[in-house]
Amino acid sequence: MIALSLFLQFLKYGLLCFGGGYMIIPLLYADLVEKTSTLTPESYGNLLAVSQMTPGAVSVNTATYVGFMQDSVWGSIAATLGLCTPTFILCVIILSFLNFYKNKPWAIGFLKGIKWAAFIMILSAVILFAKISVLDFSNGSIKINLLELGIMAVAICLAKKVPFTVLLLLSACIGWGVSYL
Amino acid sequence: MIPVIENTFVKKHKLLKESDIVDMIGITQIVPGLIAINSACFVGHKLAGWKGAFTATLGVILPSMIIIMIIAVLFPLENLSNLHLLQAFQCIRACVLGVFIFLAYRIGKKVLRSYIDLPLAFLLLVLLVSKINSVWIIVISCVSGALYEVYIRSKLMGKKK
């Protein structure tokens, strides 16, 4: 039954992730960390980082991982299928009526709205990650971790030219090295 | 993803036309779901109907599923105890933050174009900070985008008459 509830949960995300996987980040955070507390904010961040590093769509990777944590192989199959089902059905339906919505004002406006939502969702992901990496709220006051701030700044500057996977692996090496000091 | 599809299906195998690729980009934006899955559905559907769409989608998700399952077995991320790994992940999270800030800047540059965009962005940000469920933010922004565009078009049509 865990598999069935995972399938339904990811069906919802599949319906809501327009135009890219980043939409899923705040949605999953609200459900997994805030509502059910299956994960701590930090381990949620780690999970997303691993999904970024491995090949394939970020949200498929995340769905597989979350499913695996809760119900091993069947869980990951259920979660990933849930994520893909709405897309698959709608795509087949829409492809059969391709000319119906082309150049309609509501369709163009809808697309604009999707871009808006994508912008807001990535901002919310930025806030989320700031809380679990650079900013430290542990003792009631805000502390800024300088090493992490540095890594963040370098990542911003290099993100245009260096592939994300390389950046993530490099910072993993830095962290690994620093831990021996 | 899209350039790879173009290379294989249009240039190499000549199964699709250039105009199909343009249609595909339009569709991947408007259908809910991931771009990779949408494009796979499109190519599969074009070449072999719904069965093609199904097999193409499976083809796109299987490799990442297998890789992630292997990782999930090897590193249980939910309770890391190794000090070195913890520190490494601390730095990885900072790097992801940097990458996201860059992405937000890039998307923002595309989105913040006209004056009407600013108040809307502000409104959505307020909603975000006020801890409303993100589902509503997506719904509100899509519906308001559609309504605004329909309103502007109808006004333009009125002027022409």
### Query
By per-residue mean of other Cβ atoms within 10 Å, what is the highest-first order of A:117-124, A:25-32, A:62-69?
A:62-69, A:117-124, A:25-32
### Rounded to the nearest 10 Å², the accessible area of B:Y151 at probe 1.4 Å
130 Å²
#### Entry: Cubic angstrom per residue, convex hull over Cα atoms of the range B:1-83
133 Å³
### Task
Please report, to two decimal places, log10 I(q)/I(0) for the range A:101-181 at q = 0.23 Å⁻¹ as given by the Debye formula with identical point scatterers on the Cα atoms and no solvent.
-1.16
### Task
Post the alpha-carbon centroid distance, the range A:34-83 to the range A:143-181, in whole angstrom.
23 Å
### Message
If I fit a long axis through the Cα atoms of helix A:41-53 and take the longest principal axis of the Cα atoms of chain A, what angle between them do I get, 0 to 90°, rounded to 10?
### Response
70 degrees
### Task
Report the label-to-label distance for B:I66 and A:S179 in nanometres (one decimal), using points 7 Å from each Cα along the Cα→Cβ vector.
2.9 nm
### Task
Within a 10 angstrom radius of each residue's Cβ in A:33-46, how many Cβ atoms of other chains show up on average? Whole number is fine.
3
### Query
Of the heavy-atom accessible surface of the range B:1-72 (probe 1.4 angstrom), what whole percent is carbon and sulfur?
72 percent
### Task
Would you calculate the separation in nanometres between label points at A:L8 and B:N7, each defined as 7 Å from the Cα along the Cα-to-beta-carbon direction?
4.4 nm
### Query
In nanometres, what is the gap between the two model label sites at B:K109 and B:I152, each 7 Å from Cα along Cα-to-Cβ?
2.2 nm
### Task
Report, to the nearest 10°, how far helix A:146-158 tilts away from the longest principal axis of the Cα atoms in chain A, using its own Cα long axis and a range of 0 to 90°.
50 degrees
### Query
Could you give the accessible area per residue of the range A:2-132, probe 1.4 Å, as a whole number in Å²?
37 Å²
### Task
Mind checking which of A:I2, A:S141, A:A125 is farthest towards the positive end of chain A's charge dipole, using Cβ charges of +1 (Lys, Arg) and -1 (Asp, Glu) about the Cα centre?
A:A125
### Query
To the nearest 10 square angstrom, what accessible area does A:M152 show with a 1.4 Å probe?
30 Å²
### Message
Please compute, for peptide B:12-22, the average count of beta-carbon atoms on other protein chains lying within 10 Å of each residue's beta-carbon.
### Response
0
### Query
To the nearest whole number, what is the average tally of beta carbon atoms from other chains within 10 Å of the beta carbons of peptide B:57-65?
6
#### Entry: Accessible-area ranking of A:W106, A:W116, largest first, probe 1.4 Å
A:W106, A:W116
### Message
Using the crude model of +1 on Lys and Arg Cβ and -1 on Asp and Glu Cβ, and no other charge, please compute the dipole size for chain B relative to its Cα centre, in debye to 20.
### Response
740 debye
### Task
Mind ranking B:R153, B:R93, B:R113 by accessible surface for me, highest first, 1.4 Å probe?
B:R113, B:R153, B:R93
### Message
From the C-alpha coordinates alone, can you work out the Kirkwood hydrodynamic radius of chain B, in Å?
### Response
20.3 Å
### Task
Divide by every residue of the protein assembly as shown the summed helix terms, -39500 (n - 2.57) for each DSSP H run of at least 4, and state the resulting mean residue ellipticity at 222 nm, rounded to the nearest 500 deg cm²/dmol.
-26000 deg cm²/dmol
### Message
Using the Kirkwood radius over C-alpha pairs as Rh, can you work out the diffusion coefficient of the protein assembly as shown via Stokes-Einstein at 4 °C, viscosity 1.567 mPa s, in µm² per second?
### Response
61 µm²/s
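Could you compute how much accessible area chains B and A hide from each other, both sides summed, with a 1.4 Å probe? Nearest 100 Å² is fine.
Summed over both sides, the interface buries about 8100 Å².
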#### Entry: chain A: C-alpha gyration tensor shape, a/c 1.5 cut-off, then a/b vs b/c
prolate
### Task
Among B:I70, B:V31, B:L128, pick out the residue whose Cα is farthest towards the positive end of the charge dipole of the protein assembly as shown, where Lys and Arg carry +1 and Asp and Glu carry -1 on C-beta, about the Cα centre.
B:V31
### Task
Select from chain B the helices, each a whole stretch of DSSP H, whose alpha-carbon atoms run 30 Å or more along the helix axis and whose Kyte-Doolittle mean is at least 1.6; answer none if there are none.
B:35-74
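The values are calculated or read from the model by the stated rules, or taken from the named source; none is laboratory data. Predicted, not measured: the structure shown is a model, and the values here were computed from it. Cβ: placed from backbone, ideal geometry, glycine included. Neighbour counts: every protein chain shown. Note: areas computed on protein heavy atoms with side chains; ligands, DNA, RNA excluded. Shrake-Rupley method; radii C 1.70, N 1.55, O 1.52, S 1.80 Å.
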